[in-house]
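Working notes, beginning with the structure itself.
Since every read-out is calculated from the coordinates, none of them should be taken as a lab result. Values in this document were obtained by computation on a predicted structure and should not be read as measured data. Positions of Cβ are backbone-derived with ideal geometry, glycine not excepted, and every protein chain shown enters the neighbour counts.
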Amino acid sequence: MSSASKAADVTLIGADYSVYTRICRATLRLKGIEYTFEDLDVFAEGGAEKARQAGHPFGRIPVFRHGDLTIFETLAITRYIDQAFDGPLLQPDNPNDQALMNQIISIIDTQVYPVLVWGLHVPRSEGREPPPEMLGSGLKVLAALDTLAGDDWLCGGSVSLADAYMAGCMEYVIDSAVGSLLPGHAPRLWTWWNRARTCAAFA
Ligand SMILES: N[C@@H](CCC(=O)N[C@@H](CS)C(=O)NCC(=O)O)C(=O)O
């Protein structure tokens with residue numbers, strides 16, 4: 001089922017700095033959906049409580065609204081956006097590419113976000129050394145993604161939610177303690193990003 005979008009119907013609540021908010025924004029842009037953005041700094045005093053009031057039981061962002069519907073958790077939000085609205089399909093219909101997409105999204109949730117963003121970007125941005133064991137873990141994550149990355153988009157011939165997820169992380173991955181190693185250590189991922197970053201949805 002799909003429906004045309006109206007800006008008044010669709011609201012994304014989150015923050016510019018937030019990886020998961022960025023993923024939802026990229027997905028909305030890929031689908032060509034107009035939306036209202038409500039800024040919520042979850043790390044500010046009272047931010048978690050505001051996020052709970054907005055509909056996130058764990059006090060996190062993003063939160064998505066479509067009419068009377070409220071959704072939290074980025075995977076649920078992005079899959080809903082893909083299915084409920086017109087625009088290019090962002091989930092491959094063949095099982096192989098779909099498995100690949102799910103694998104990449106899962107790696108981003110369980111490895112890229114905790115290891116590369118929180119383990120290797122955040123300490124650097126605060127002028128601290130990352131925990132030494134994080135460097136090896138970060139390189140393993142990059143190597144795994146490099147093995148999975150497709151020639152055009154991450155999963156085959158068309159853009160998918162995997163691209164939106166990874167694009168949402170890239171600024172922090174590049175600005176992490178392993179960022180300068182990307183071209184040599186993950187050349188396929190690096191080539192993908194240099195192509196993907198020219199897409200307006202990921203700007
Ligand atoms: N599993 C959630 C993760 C959301 C998440 O961790 N968001 C971060 C910002 S990018 C957050 O709200 N952090 C607040 C905190 O950790 O207290 C999703 O997929 O949406």
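Calculate the FRET efficiency for residue 52 and residue 75 from the Cβ-Cβ distance with a Förster distance of 25 Å, rounded to the nearest 0.05. Don't skip to the answer; put the middle values down first.
Values: r = 20 Å, r/R0 = 0.80.
Efficiency, rounded to the nearest 0.05: 0.80.
Under the rule of -39500 (n - 2.57) per DSSP H run of 4 or more residues, summed and divided by the residues of the chain, what mean residue ellipticity at 222 nm is obtained, to the nearest 500 deg cm²/dmol? Kindly include the intermediate steps, with their values, before the conclusion.
Values: 9 runs with 94 residues, N = 203.
It lands at -14000 deg cm²/dmol.
If contacts are Cα pairs under 8 angstrom and at least 6 residues apart, what is the relative contact order of the chain in percent?
Taking the mean separation of contacting Cα pairs over the length of the chain, I get 21 percent.
Report the semi-axes of the equivalent ellipsoid for segment 138-203 in whole Å, largest first, where each axis is √(5λ) for an eigenvalue λ of the Cα gyration tensor.
Each semi-axis is the square root of five times an eigenvalue, giving 18, 13, 10 Å.
Starting from the Cα-Cα distance between residue 39 and residue 191, subtract it from 0.36 nm times their residue separation and give me the gain in nm to one decimal. Intermediate values should be presented prior to the final figure.
Details: separation 152, 0.36 × 152 = 54.72 nm, distance 3.25 nm.
That pair, residue 39 and residue 191, stretches by 51.5 nm at full extension.
Just round it to a whole percent: the fraction of Cα-Cα distances in segment 7-84 exceeding 17 Å.
36
Quick check on segment 45-93: what does the Kirkwood estimate of hydrodynamic radius come out to from the alpha carbon pairs, in Å?
11.9
Across segment 155-165, in residue order, what do the Karplus-derived ³J(HN,Hα) couplings come to in whole Hz, using 6.51 cos²θ - 1.76 cosθ + 1.60 with θ = phi - 60° and x for Gly and Pro?
Result, rounded to whole Hz: 10, x, x, 9, 5, 9, 4, 4, 5, 4, 4.
Can you give me the long-range amide H partners of residue 38? Hydrogens built in the peptide plane at 1.01 Å from N, cutoff under 5 Å, separation of 5 or more residues or another chain.
Sorted by chain and number, the residues that satisfy this are 12, 13, 14.
Between segment 115-131 and segment 146-177, what is the separation of their alpha carbon centroids in Å?
Computed from Cα coordinates, the inter-centre distance equals 21 Å.
Tell me, rounded to the nearest percent, the portion of alpha carbon pairs in segment 49-139 spaced more than 16 Å apart.
Pairs farther apart than 16 Å: 68 percent.
If you take all C-alpha pairs in the chain, what percent of them are over 21 Å apart?
Details: 10823 of 20503 pairs.
The calculated P(r) of the chain puts 53 percent of pairs beyond 21 Å.
How many nm separate the modelled label positions at residue 200 and residue 125, each set 7 Å beyond the Cα in the direction of the Cβ?
Rounded to a tenth, the inter-label distance reads 2.7 nm.
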